[in-house]
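Novice: Questions regarding the structure given below will be posed in turn.
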Amino acid sequence: MSSKLLSGKTALVTGSTSGIGLGIARALAGEGANIVFNGFADAQDIATLLENTAQEFGIQAVHHNADMSKPAEIAALFAFATEKFGGVDVLVNNAGIQFVANVEDFPAEKWDAIIAINLTSAFHTSRLALPRMKQQNWGRIINLASTHGLVGSAGKSAYVAAKHGLIGLTKVSALETAQTGVTVNAICPGFVLTPLVQKQVDDRAAKEGLSNDEAKRALLADKQPSGEFVTPEQLGALAVFLCSDAAGQVRGAAWNVDGGWVAQ
Ligand code: NAD
């Protein structure tokens with residue numbers, strides 16, 4: 001019988017085919033959790049991901065391609081997780097997208113998509129996960145917010161609004177579960193070099209005639225005093241801590257991991 005922290009438990013990580021979600025899913029698998037992956041990718045890449053994760057960590061890994069902007073597909077994702085594993089013990093609300101433009105130029109459909117994927121999906125997953133978590137008196141919800149849940153940046157109205165909202169949802173959910181074995185917290189990363197941020201690096205390189213490395217340094221210099229990217233592995237380690245007994249009284253936190261961004 002394995003004695004890992006999450007042996008026999010099931011973690012659903014939304015948007016886990018890439019970037020931070022993938023890093024967190026791998027960290028939770030390393031603690032023995034079965035993983036429900038979600039997110040978009042080529043079918044062959046998903047098959048390889050499932051096989052490699054299951055083999056590397058000795059757990060079961062499945063994938064559901066729910067579009068997190070669609071409540072009916074989120075419900076189907078939960079039905080799938082319940083059928084496969086009996087339910088979700090650890091919920092990581094991570095799926096997210098970005099778009100950068102000033103408010104007056106911001107396409108309305110991009111606003112709607114960002115609010116739906118980065119904020120409203122976490123309401124739907126939480127409402128579906130909480131009854132079972134409360135009933136078994138154990139559960140963990142970890143919402144991937146951002147430094148942009150704590151402070152603003154020009155050009156990112158929808159993203160900043162969604163991430164501030166996600167921290168609000170985190171606080172309220174934490175209060176509603178405060179006297180149970182369920183905890184709800186948010187992680188607020190600074191810049192992590194994932195495809196979401198590489199696009200901002202590419203845009204900056206094109207706009208300012210910079211090399212890829214120069215554009216990365218410029219992006220970090222604007223916001224992140226350490227001058228270094230946060231890594232998905234560092235965020236995975238924090239997610240594991242939040243799942244531990246030691247974190248049992250960490251409730252409603254918005255925990256920045258940001259190279260000093262919000263200390264300024
Ligand atoms: P990423 O682009 O690498 O990964 C996003 C994941 O979400 C992918 O798996 C993608 O397939 C999935 N996804 C996108 N739209 C989806 C949808 N409609 N339905 C289901 N899945 C969908 O991005 P990332 O940088 O790893 O970001 C992950 C989360 O972390 C996001 O919520 C993001 O806002 C947040 N975040 C990122 C950074 C950063 O610097 N990269 C910083 C702070 C917060």
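Read the figures in this text as sums done on the coordinates, not as results from a lab. Worth saying up front: this structure is predicted, and the values here are computed from it rather than measured. Cβ atoms come from the backbone with ideal geometry, glycine included; neighbour counts cover every protein chain shown.
Novice: When the Kirkwood hydrodynamic radius is evaluated over all pairs of different C-alpha atoms of segment 166-264, what value in angstrom, to one decimal, is obtained?
Specialist: Answer for segment 166-264: a Kirkwood hydrodynamic radius of 15.2 Å.
Novice: Sum up the charges of everything whose Cβ sits under 14 Å from the Cβ of Val62, counting Lys and Arg as +1 and Asp and Glu as -1, but leave Val62 out.
Specialist: Values: positive: Lys84; negative: Glu51, Glu83.
So the environment of Val62 carries a net charge of -1.
Novice: What order do you get for 97-105, 53-61, 13-21 when each peptide is scored by the mean count of other beta carbon atoms within 10 Å, highest first?
Specialist: Peptide ranking by packing, descending: 13-21, 53-61, 97-105.
Novice: Any chance you could give the angle, 0 to 90 degrees and rounded to 10, that helix 43-57 forms with the longest Cα principal axis of the chain?
Specialist: Tilt of helix 43-57: around 60 degrees.
Novice: With the chain treated as a Gaussian network of Cα nodes joined by springs under 10 Å, which of Val36, Val197, Val184 yields the largest mean-square fluctuation?
Specialist: Of Val36, Val197, Val184, the most mobile in the Gaussian network model is Val197.
Novice: Related question: Principal axes first, then extents: for the Cα atoms of segment 1-52, list largest minus smallest coordinate on each axis, whole Å, largest first.
Specialist: Result, largest extent first: 35, 19, 13 Å.
Novice: Between beta-carbons, use under 13 Å as the cut-off and find the net charge around Ser7, counting Lys and Arg +1, Asp and Glu -1.
Specialist: On the way: positive: Lys4, Lys9; negative: Glu31, Asp89.
Here the charged neighbours net out to 0.
Novice: While we're here: Pull out a ≥ b ≥ c, the square roots of the eigenvalues of the alpha-carbon gyration tensor of segment 92-157, then state rounded if a/c is under 1.5, prolate if not and a/b is larger than b/c, and oblate in the remaining case.
Specialist: prolate
Novice: With a cut-off of 8 Å between alpha carbons and a minimum separation of six or more residues, what is the relative contact order of segment 103-193 in percent? Intermediate values should be presented prior to the final figure.
Specialist: Details: 107 pairs, mean separation 32.6, N = 91.
Computed value for segment 103-193: 36 percent relative contact order.
Novice: Taking the Cα centre of the chain as origin, sum charge times position over the Cβ atoms of Lys and Arg (+1) and Asp and Glu (-1), and report the length of that vector in debye to the nearest 20.
Specialist: Dipole size: approximately 760 debye.
Novice: Considering all alpha-carbon pairs of segment 19-104, what whole percent are spaced by more than 17 angstrom?
Specialist: For segment 19-104, the fraction of Cα-Cα distances above 17 Å is 51 percent.
Novice: Give me the net charge of Leu49's neighbourhood, meaning all other residues with Cβ under 14 Å from the Cβ of Leu49; Lys, Arg count +1, Asp, Glu -1.
Specialist: Summing Lys/Arg as +1 and Asp/Glu as -1 gives -3.
Novice: Which of the lysines could be linked to Lys4 by a straight reach, that is with a Cα gap under 27 Å, when you skip same-chain ones fewer than 8 residues away?
Specialist: Excluding near neighbours in sequence, the set is Lys84, Lys134.
Novice: Another one. Check cross-link reach from Lys156 to the lysines: straight Cα distance under 25 Å, and skip same-chain residues fewer than eight apart.
Specialist: Straight-distance partners of Lys156: Lys70, Lys110, Lys171, Lys199, Lys207, Lys216, Lys223.
Novice: Over the Cα atoms of the chain, what is the Rg over Rh ratio if Rh follows Kirkwood? Write down the numbers at each step before the final one.
Specialist: Values: Rg = 17.9 Å, Rh = 18.7 Å.
The Rg/Rh ratio comes out at 0.96.
Novice: Oh, and also: Among Ala206, Trp138, Cys243, whose Cα sits farthest toward the positive end of the charge dipole of segment 95-254 (+1 at Cβ of Lys/Arg, -1 at Cβ of Asp/Glu, about the Cα centre)?
Specialist: After comparing all options, I get Trp138.
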